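Data first, discussion second: the structure below is written as structure tokens.
A short reminder: the numbers here are calculations on the coordinates, not readings from a lab. All values reported here derive from a predicted model rather than from experimental measurement. Reconstructed Cβ throughout: ideal geometry from the backbone, glycine too, with neighbour counts over all protein chains shown.
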């Protein structure tokens, strides 16, 4: 079986992609300068949160993912980032290839929340490989890529923020159910608001506006208790 090793030599944001996209540069080496006709790879990318330190601000933003810092010894578990496929053309001995990873800014996704919470430094990633290798110098063999093939990548946090800023400059992103979106659209239409930003600002302003003046409560003055006059009887006059 051909021995294959994988190394991640860098990562960058793709400025020309239609959506947020990271490009990982891979170096693939076949032992003993073996001939590889092609590789059909599957790559699973994971975030390994326990492999870095976090500032106070980062810790506060990550509390919804990992809980309080006192629990991080047991809660900083790997986070699934992406799963992509890659076809590598033939080579002998060693080659390099780009692994293209489409990303999302959906803050309901744990990986996006994690990477968005980081301020600086590096995000520790692990790339796990499997798939099929087509090899052979004089003939043609089909071999599995062992499941233990992996590569580590310390992705600069700035690369993630740069990628998001390219596609969503100065903006955030939230996902809402259809019913809520329909209600917001109705509110926007009724008030002739020009944008979603104006719609949310109008709702915030309405919720922050003080309510109208309160009416003063009027309490009946209690009547002091006293003797009760007897009712008149028949035949008597007053």
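A few comments on the model shown:
- Placing dummy labels 7 Å off each Cα toward the beta-carbon, the span from residue 179 to residue 31 is 6.0 nm.
- Net lengthening on full extension, residue 40/residue 110 (0.36 nm per residue, minus Cα-Cα): 22.4 nm
- Relative contact order %, the stretch 48-176, counting alpha carbon pairs below 8 Å whose residues are six or more apart: 24
- Gain upon complete extension [residue 119, residue 50; 0.36 nm per residue less C-alpha separation]: 23.2 nm
- Each peptide in 134-143, 24-33, 154-163, 84-93 was scored by the mean count of other Cβ atoms within 10 Å over its residues; highest first, the order is 154-163, 24-33, 84-93, 134-143.
- Against the chain, whose longest principal axis is taken from its Cα atoms, helix 178-190 shows a tilt of about 60°.
- Estimated [θ] at 222 nm from DSSP helical runs (n ≥ 4, -39500 (n - 2.57)) normalised by residues in the chain, nearest 500: -7000 deg cm²/dmol
- Label-point separation in nm, residue 154 to residue 2, each point 7 Å along Cα→Cβ: 3.2
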